[in-house]
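The values are calculated or read from the model by the stated rules, or taken from the named source; none is laboratory data. Just so we're clear, the structure is a prediction, and the values are computed from it rather than from any experiment. Note that we place each Cβ from the backbone using ideal geometry, even for glycine, and neighbour counts take in every protein chain shown. Each accessible area value is taken on the protein alone, full model and side chains, heavy atoms only, with ligands, DNA and RNA left out. Shrake-Rupley method; radii C 1.70, N 1.55, O 1.52, S 1.80 Å.
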Amino acid sequence: MSSGPKIPQERKVVTAIPGPKSQEVIKRRSEAVSAALGMAIPVVVEKAGGGVIVDIDGNSIIDMGAGIAVVNVGNSADRVVKNVKEQVEAFTHTCFMIAPYMGYIEVCEALNRLTPGTHKKKSALFNSGAEAVENAVKIARKFTKRQAVVVFEHGYHGRTNLTMAMTAKNIPYKDGFGPFTPEVFRMPMAYPYRCDSCSSSCENSILNTVIHKIEKEIGANNVACIVIEPILGEGGFIVPCKGFLPGLVKFCNENGILFVADEVQTGFARTGQMFACEDEGIVPDLITTAKGIAGGLPLAAVTGRAEIMDSIHASGLGGTFGGSPIACAAALGAIATIEEEKLVDRAKEIGKIMSDALNEMKKKYPIIGDVRGRGAMQAIELVKPGTKDPNPESQAAIIKYCQQKGVLILSAGTYGNVIRLIPPLVIPEHLLKEALEILDEAVSKA
Ligand SMILES: *Cc1c(COP(=O)(O)O)cnc(C)c1O
């Protein structure tokens, strides 16, 4: 592997997890940091790269989470580090709205080139996924002169007020944080594993329900945009049935509604395509990106049809830090890494290794109800054997077991019963396989 810091690519557990040094720092953490912040694994990071995270006790942990699908190119990837160093030395901030710079423009050019569709596109840059989603809604409302926003069950779009309203799950994201912004309408989601009609002609029934509800309950002529993740991330890697997304796009096109693909988690090679929309050849009017865009630096974007992006009045969009020159330099390094190291293809290969292993596990262990995902974004849904009742207890036990063995895996799912695998796309194959073996062991014991 050519990328990343030269950290030995091995799993090595030298203390209990957390080790004594991590335990001490975590005590300080609880004194200094709000108790509201979660912690998936109680170890303190010293360095990370390739497929591992090394903690301050010297444990080397296989990273199956990539910081929530962020370090697709690995931590401290060579091109990211080089570009960031050069940029920090040249200048750190002017504010793009005050005095523009090259990196911002080049990131927009790259996004316009890489996102689905051959039409003329333009982009605007922001700081976080939630901010990108908020801006997509602002743009859609202004362009269409309509207010209603349609979202879906199990969807996740962020933690700001508007995106909380758009996010489905109450605990932990929304509980007690209301009132939420009005004019956000949630529709049923095509969730094949939990859809009664799915055995027959699933896509039409849910799609028709959604269209019927929009027409009868909101009025299609009041809808500014439909916002959906092409594969639901936090909701549990739900892959909608074939035809669902194209059906929504068609409905949008026929009714002057903008189709907004929230590719914050699915974007940048994760699914074995640069963007997940490519799978069914759908072309969104607007696409939001963030997580995997800049190799770990905070950056987000809205990219869309030029006439839509240009319909906003001058200075109607922006922000002090949005499209920071440092984050843009990192993004150009990350995008070059994805293209030059062919990480789109690599995501497909990683996906096959993971889904083969997970499907083998499903044959052996009746607590695995479903295996799903695309590319390097795969998940298992855990149930009580012989039923589809969610099994969150097993999820917690499996994650804990893996941690003790030096493998970091992440949870997901509305019912807290999904385990998602989203490793860096530069993870060495032997570590990927080792992590899957340990996961197998963990499931066998759960
Ligand atoms: C993570 C995520 C967001 C929010 O991104 P932040 O950078 O955390 O604000 C929005 N949409 C999707 C699909 C996400 O996965």
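Per residue, how much accessible area does the chain show when a 1.4 Å probe rolls over the protein heavy atoms, in square angstrom?
41 Å²
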> With the Cα gyration tensor of segment 264-309 giving a ≥ b ≥ c as the square roots of its eigenvalues, does the rule (a/c under 1.5 for rounded; else a/b larger than b/c for prolate; else oblate) give rounded, prolate or oblate?
Replying inline: oblate
> Over the heavy atoms of Phe180, what accessible area does a 1.4 Å probe trace out, to the nearest 10 Å²?
Replying inline: 80 Å²
>> For a test of the definition: using alpha carbon positions, the gyration tensor, and the 1.5 limit on a/c, classify segment 325-446 as rounded, prolate or oblate.
In response: prolate
> Put +1 on the Cβ of each Lys and Arg and -1 on the Cβ of each Asp and Glu in the chain; which of Pro325, Phe152, Tyr173 then has its Cα farthest toward the positive end of the dipole?
Replying inline: Tyr173
> When only C-alpha pairs under 8 Å and at least 6 residues apart count, what is the relative contact order of segment 79-340, in percent?
Replying inline: 32 percent
> Just by accessible area at a 1.4 angstrom probe, what is the order of Asp440, Asp196, Asp356, Asp285 from largest to smallest?
Replying inline: Asp196, Asp356, Asp440, Asp285
>> Please list, in order along segment 143-149, the HN-Hα scalar couplings obtained from phi with the Karplus expression 6.51 cos²θ - 1.76 cosθ + 1.60 (θ = phi - 60°), rounded to whole Hz, x for Gly and Pro.
In response: 5, 8, 6, 10, 10, 6, 10
> Straight-line reach from Lys388: which aspartates and glutamates have a Cα under 17 Å away, not including same-chain ones fewer than 8 places off?
Replying inline: Asp196, Asp370
> Using Cα pairs under 8 angstrom and six or more residues apart, how large is the relative contact order of segment 226-358, in percent?
Replying inline: 22 percent
> Given charges of +1 on the Cβ of Lys and Arg and -1 on the Cβ of Asp and Glu, with all other atoms neutral, how large is the dipole of segment 243-339 about its Cα centre, in debye to the nearest 20?
Replying inline: 260 debye
>> Could you work out [θ]222 nm for the chain from helices alone, using -39500 (n - 2.57) per DSSP H run of at least four and dividing by all its residues? Round to the nearest 500 deg cm²/dmol.
In response: -11500 deg cm²/dmol
>> Counting C-alpha atoms alone, how compact is segment 79-340: give Rg to one decimal and Dmax as a whole number, in angstrom.
In response: 18.2, 60
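Going through segment 95-166, which trypsin sites (Lys or Arg not before Pro) have at most 12 other Cβ atoms within 10 Å and a DSSP loop state?
Filter output for segment 95-166: Lys120, Lys145.
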>> I need to check one value: relative contact order of the chain, counting alpha carbon pairs closer than 8 Å and at least 6 residues apart, in percent.
In response: 22 percent
> If you keep only loop residues by DSSP, which chymotrypsin sites (Phe, Trp or Tyr not before Pro) in segment 62-117 have at most 16 other Cβ atoms within 10 Å of their Cβ?
Replying inline: Phe91
> Which semi-axes, in whole Å and largest first, does the equivalent ellipsoid of segment 1-141 have when worked out from the alpha carbon gyration tensor as the square roots of 5 times its eigenvalues?
Replying inline: 35, 20, 16
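Would you work out what percent of the accessible area of segment 368-446, with all protein chains in place, is carbon or sulfur (probe 1.4 Å)?
Carbon and sulfur together cover 52 percent of it.
For Thr15, Thr288, what's the largest-to-smallest order of accessible area, 1.4 Å probe? Intermediate values should be presented prior to the final figure.
Values: Thr15 35, Thr288 0 Å².
Correct descending sequence by accessible area is Thr15, Thr288.
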> Given H placed 1.01 Å from N in the peptide plane, which residues other than close sequence neighbours of Gln378 have an amide H under 5 Å from its amide H?
Replying inline: Leu421
>> Report for segment 156-307 the percent antiparallel among DSSP-assigned beta bridges with both residues inside it, nearest 5.
In response: 40 percent
>> Which of the three applies to the chain, rounded, prolate or oblate, going by the alpha-carbon gyration tensor with a ≥ b ≥ c and a/c under 1.5 meaning rounded?
In response: oblate
> Going from most exposed to least, what order do Arg270, Arg194 have by accessible area with a 1.4 Å probe?
Replying inline: Arg194, Arg270
> Between the DSSP loop rule and a limit of at most 10 other Cβ atoms within 10 Å, which trypsin sites (Lys or Arg not before Pro) in segment 1-80 are left?
Replying inline: Lys6
> What pairs from Lys121/Lys145; Lys362/Lys445; Lys82/Lys122; Lys242/Lys352; Lys342/Lys433; Lys85/Lys405 go past 25 Å between their alpha carbons?
Replying inline: Lys82/Lys122; Lys85/Lys405
> Rounded to the nearest 5, what % of the DSSP beta bridges within the chain are antiparallel ones?
Replying inline: 65 percent
